[in-house]
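Shown next, in structure tokens, is the structure this report addresses.
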Amino acid sequence: MTIGEALFQFFSGFDIPVYHRDSVPMDADCPYLTFAYDVGNFDSGTDSIITADLWYRTESEVEPNAKAEQIRAKIGRGRTQLKIDGGYLSIWQGEPAWLSVPDDNPDIKHRTVNISAEYLR
Amino acid sequence: MGKFSVIPTDTFDQLQMDAGVLLNTFNPSSPGEIADEHFICATTGGINATCIPTYSDMGADVDNCPVNTKELKHLDGWDCKLSFTALSATPSAIRMALGAADIEASSGKITPRKDLKQSDFDDSIWWVGDKTNGGMVAIELKNALSTGGFSLQTTKNGKGQVSVEITGHVSLSDQSVVPMVFYSSDPAPAG
């Protein structure tokens, strides 16, 4: 499984549509999740970064906050291993775990979930 | 890439990940969910497990005998320890660090004792950790007693930390049993 496929599968477990950050359809309806990642090397000494962005069209903070918390709780304490070609993508909660990001459109609620990663391959 | 710049194909399946947990009981043949009461304490900075042999060179004073002659090497014993920094400040965690001590449950008073009792030894203390492939690594320390004493370090705006060193002991009832046992297993096949 490629890195993108592994992350798509992981983020598909949260009951909202998932797109890579650079491949969001023009007619995509909120809520949805976009993700982006960089690709690192084993034992490079620096962590790789994965971000999951949540997009909600709502006046309430409750739903987007709950979804961000759901993702954070799924990753849990310690590391979670995602199987990829050649080994594993080891992920853990980033710092901060998630945050609210202001949007020019007041109807949009945007949350960014930060995930740290190490490529074990 | 050089011919010898390679790694075993199962390298990334067999990595031990994260700090693991300290437990007062564990069954390595059926490692299910961990009950809350099985945790010994929360820790910081991971756990250090050592099992160091002591050898004598019986040929050391033999004229003309080379150093480290294998037929004359004698295994004297093993020094088995678990060392960690505990964050828990429960009476049981404090008593564990002290070793020879008593808890007065009604008041939460913990009193170090002048004499050591056999009941101060824990039959087993376990460290259990994850492997990347979903398996586990476990270490059992037998007849465990804290031999490093109690040492608390507090910091402004921080969490109090207690340094603990626990030593495993041999029992007279079975003197051939080394007080540390290791387990490494892969997850059960799916389906």
Result for interface chain A to chain B, accessible surface buried in total, 1.4 Å probe, Å² to 100, stands at 700
Comparing each residue of region B:126-142 in the complete protein assembly with the chain by itself (heavy atoms, probe 1.4 Å, ligands and nucleic acids ignored), those losing at least 30 Å² of accessible area are B:Thr132
Quick calc: nm separation of the 7 Å Cα→Cβ label points for A:Cys30 and B:Leu172 -> 7.6
Simple spin-label estimate for B:Lys70/B:Leu87, 7 Å along Cα→Cβ, in nm, reads 4.7
Computed over the protein assembly as shown, protein heavy atoms only, probe 1.4 angstrom, the accessible area per residue in square angstrom equals 59
Of the accessible area of region B:18-147, computed with a 1.4 Å probe and all protein chains kept, carbon and sulfur make up a percent value of 51
Between B:Thr147 and B:Asp36, the two model label points (7 Å from Cα along the beta-carbon direction) sit apart by a distance in nm of 3.5
Cα extents of region A:1-50 per principal axis, largest first, Å, are 40, 20, 16
With the charge dipole of chain A built from beta-carbon charges (+1 for Lys and Arg, -1 for Asp and Glu) about the Cα centre, the Cα from A:Ile49, A:Ser60, A:Ala28 projecting farthest to the positive end belongs to A:Ile49
GNM of chain A, Cα pairs under 10 angstrom: of A:Asn65, A:Asn41, A:Asn105, the biggest fluctuation goes to A:Asn105
Packing-ranked peptide list from B:103-109, A:82-88, highest mean Cβ count within 10 angstrom first, is A:82-88, B:103-109
Partner shielding of A:81-93, taken as the mean number of other chain Cβ atoms within 10 Å, equals 3
The computed P(r) of the protein assembly as shown puts the percent of Cα pairs beyond 37 Å at 38
FRET efficiency for A:Ser12 and B:Asp18 from the Cβ-Cβ distance with R0 = 25 Å, rounded to 0.05, comes out at 0.50
Projecting the Cα atoms of B:Leu72, B:Leu82, B:Ser56 onto the charge dipole of region B:10-95, where Lys and Arg contribute +1 and Asp and Glu -1 at Cβ, the residue farthest towards the positive end is B:Leu82
So for R0 = 41 Å, FRET eff. of B:Asn157-B:Ser5 from the Cβ-Cβ r, to 0.05, ends up at 0.30
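The values are calculated or read from the model by the stated rules, or taken from the named source; none is laboratory data. Note that the coordinates shown come from a computational prediction; the quantities given were computed from them, not determined experimentally. Because the Cβ atoms are built from the backbone with ideal geometry, glycine has one as well, and the counts that use them run over all protein chains shown. Heavy atoms of the whole protein, side chains included, go into the accessibility calculation; ligands, DNA and RNA do not. Shrake-Rupley method; radii C 1.70, N 1.55, O 1.52, S 1.80 Å.
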